[in-house]
Amino acid sequence: MIDDIKKRALHRTKIIEGQLRGIEKMIENEDYCVDIITLSLAVQKSLGSLNKLLVENHLRTHVSDMYDAGGEQRDAAVAELLRIFELSNNRG
């Protein structure tokens, strides 16, 4: 994993972890539903940011190497990217 992306991804996971703990406390305290939903939506946005970092790393490392290898490796890289695209579209 590229060092800078790894550092940013780990930072993002810590933010997400804190947000999830916040949601848990809000539910336990029976906070206002809209406030809980607002934080839940923030978590989803944070997960999107994390996914973007992970895709960037994958493109800059594995996909680049697979493309350079050509042939079946190149085809496998395309298949992986299409699978990620499909998962992304199916989940929202």
**Prompt:** What trypsin sites (Lys or Arg not before Pro) in region 19-92 are in a loop by DSSP, with at most 10 other Cβ atoms within 10 Å of the Cβ?
**Reply:** Arg91
**Request:** Sticking with the crude label model, points 7 Å out along Cα→Cβ, report the distance from Met1 to Ala69 in nm, one decimal please.
**Result:** 2.1
**Normalised per residue, the volume of the convex hull around the Cα set of region 8-92 (Å³)** = 83
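Among the GluC sites (Glu not before Pro) in region 17-50, which ones are in a DSSP loop with at most 15 other Cβ atoms within 10 Å of the Cβ? Mind listing them? Mind showing how you got there, number by number?
Working: sites: Glu17, Glu24, Glu28, Glu30; in loops: Glu30.
Those satisfying the criteria are Glu30.
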**Message:** I need to check one value: relative contact order of the chain, counting alpha carbon pairs closer than 8 Å and at least 6 residues apart, in percent.
**Reply:** 30
**Asked** In terms of Cα to Cα distance under 19 Å, which lysines are near enough to Lys7, apart from those fewer than 8 places away along the same chain?
**Response** Lys45, Lys52
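The numbers here are math on the coordinates, done by the rules we state, and not lab data. All values reported here derive from a predicted model rather than from experimental measurement. Glycine also receives a Cβ, built like all others from the backbone with ideal geometry; neighbour counts cover every protein chain displayed.
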